[in-house]
Amino acid sequence: VQLQASGGGLVQPGGSLRLSCTASGTMKTIYAVGWYRQTPGKQREMVAYLATSGYIDYLGSVRGRFTISRDSAENLIYLQMNSLKPEDTAAYFCYLLADGKNYWGQGAQVTVSS
């Protein structure tokens with residue numbers, strides 16, 4: 001299984017970006033998808049998590065601004081980010097839990113700056 005993220009870039013404070021992640025390969029059962037982020041010198045943190053059960057969780061600081069979604073038919077994972085703030089600047093990683101294994105995409109850099 002491979003995950004390919006796209007959609008990062010430079011945006012001004014208050015702007016929006018949508019990250020996409022394409023999952024390819026053989027997957028019998030997907031249990032959850034998510035987005036995490038990391039800045040230099042800090043641990044990776046969960047930004048948004050979506051379980052196939054319907055459970056959704058967000059990092060407190062992004063709740064109400066970010067929305068995670070999934071296109072099951074196309075194996076796509078999205079993160080819509082609105083009202084971006086400079087502190088949202090980070091490398092964003094998509095995540096997938098399938099068949100008892102964790103999979104990670106490469107980081108997509110998001111920079112929020114004027």
Mean separation of Cα pairs under 8 Å and 6+ residues apart, divided by the residue count of region 44-114: what relative contact order is that in percent? 20 percent
Quick one: grab the alpha carbon gyration tensor of region 1-67, order the square roots of its eigenvalues as a ≥ b ≥ c, and give me rounded if a/c is under 1.5, else prolate or oblate depending on whether a/b is larger than b/c. prolate
For the chain, set up a GNM with springs between Cα atoms under 10 Å and report which of V33, V62, V47 has the largest fluctuation. V62
Determine ³J(HN,Hα), in whole Hz, for all residues of region 67-80 in sequence, where each value follows from phi through the Karplus function 6.51 cos²θ - 1.76 cosθ + 1.60 and θ = phi - 60°; x replaces Gly and Pro. 9, 9, 8, 9, 9, 5, 5, 9, 6, 10, 10, 10, 9, 8
Heavy-atom accessible area per residue, region 21-106, 1.4 Å probe: how many Å²? 53 Å²
Please turn the phi angles of region 56-65 into ³J(HN,Hα) values with the Karplus equation 6.51 cos²θ - 1.76 cosθ + 1.60 (θ = phi - 60°), one per residue in order, whole Hz, x for glycine and proline. 10, 9, 10, 4, x, 6, 10, 4, x, 10
In whole Å, what are the extents of the chain along the principal axes defined by its C-alpha atoms, from largest to smallest? 44, 26, 24
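For region 1-56, which trypsin sites (Lys or Arg not before Pro) are in a loop by DSSP, counting at most 11 other Cβ atoms within 10 Å?
Taking region 1-56 and a limit of 11 other Cβ atoms within 10 Å, the loop trypsin sites (Lys or Arg not before Pro) found are K28, K42.
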Can you send over the carbon and sulfur percentage of the accessible area for the chain, probe radius 1.4 Å, protein chains only? 47 percent
Once normalised by the length of region 15-82, the mean sequence separation of its alpha carbon contacts under 8 Å that are 6 or more apart gives a contact order in percent of 39 percent
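The values are calculated or read from the model by the stated rules, or taken from the named source; none is laboratory data. Worth saying up front: this structure is predicted, and the values here are computed from it rather than measured. Here Cβ is always computed from backbone atoms with ideal geometry, including for glycine, and neighbour counts include all displayed protein chains. Please note that ligands, DNA and RNA were not included when accessible areas were found on the heavy atoms of the full protein model with its side chains. Shrake-Rupley method; radii C 1.70, N 1.55, O 1.52, S 1.80 Å.
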